[in-house]
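Presented below is the structure to which this report refers.
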């Protein structure tokens with residue numbers, strides 16, 4: 001059974017990347033899936049970062065666009081990153097969007 005690791009509703013985007021959902025992944029979780037939905041405001045971009053120490057971050061999923069009122073399932077993360085950070089940004093400068101994000105994990 002999947003375990004809910006976190007969620008956020010109505011995270012507004014800005015002109016610079018902001019953290020929408022940051023996770024400290026429990027050690028018993030082997031796979032993480034993240035779902036993002038744009039809340040019918042404006043198109044947004046997202047990227048997923050991973051870290052082994054919550055200080056140095058590496059890109060796990062590169063920048064991707066979600067259309068207005070669209071949604072996306074990020075690639076299932078199977079690498080053992082103890083920290084994941086989904087970040088969002090405006091797709092068009094000064095045209096803010098809003099994202100709802102869910103993260104689930106399992107073994």
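The values are calculated or read from the model by the stated rules, or taken from the named source; none is laboratory data. Bear in mind the structure is a predicted one, so any value in this text is a computation, not a measurement. With ideal geometry, Cβ positions are generated from the backbone for all residues, glycine too; neighbour counts draw on all protein chains shown.
Kindly evaluate residue 27 against the criterion of being closer than 23 Å to residue 2 by Cα and surrounded by fewer than 13 Cβ atoms within 10 Å (Cβ to Cβ). It is true that residue 27 is closer than 23 Å to residue 2 by Cα and surrounded by fewer than 13 Cβ atoms within 10 Å (Cβ to Cβ). Could you tell me whether residue 87 is touching a residue at least 40 places away in the same chain (Cβ under 8 Å) and surrounded by 14 or more Cβ atoms within 10 Å (Cβ to Cβ)? Yes. Let me confirm something: among 33, 44, which residue is within 22 Å of residue 1 (Cα to Cα) and at pLDDT 95 or above? The match here is 33. Here residue 56 passes the criteria (1) in contact with a strand residue (DSSP E or B) (Cβ under 8 Å, 6 or more places away or on another chain); (2) more than 24 Å from residue 12 (Cβ to Cβ); (3) surrounded by fewer than 17 Cβ atoms within 10 Å (Cβ to Cβ) except the one numbered (1). The residues listed here are 97, 50, 70, 105; of these, the one that is surrounded by fewer than 18 Cβ atoms within 10 Å (Cβ to Cβ), touching a strand residue (DSSP E or B) at 6+ places or on another chain (Cβ under 6 Å) and at pLDDT 95 or above is 70. Among residues of the range 73-84 being surrounded by fewer than 16 Cβ atoms within 10 Å (Cβ to Cβ) and within 12 Å of the chain's Cα centre (by Cα), the one that is modelled with the highest pLDDT is 73. Condition check: closer than 24 Å to residue 15 by Cβ and out of contact with any helix residue (DSSP H, G or I) (no Cβ under 9 Å at 6 or more places or on another chain). Does residue 66 satisfy that? Considered against the rule, which asks whether it is closer than 24 Å to residue 15 by Cβ and out of contact with any helix residue (DSSP H, G or I) (no Cβ under 9 Å at 6 or more places or on another chain), residue 66 comes out as yes.
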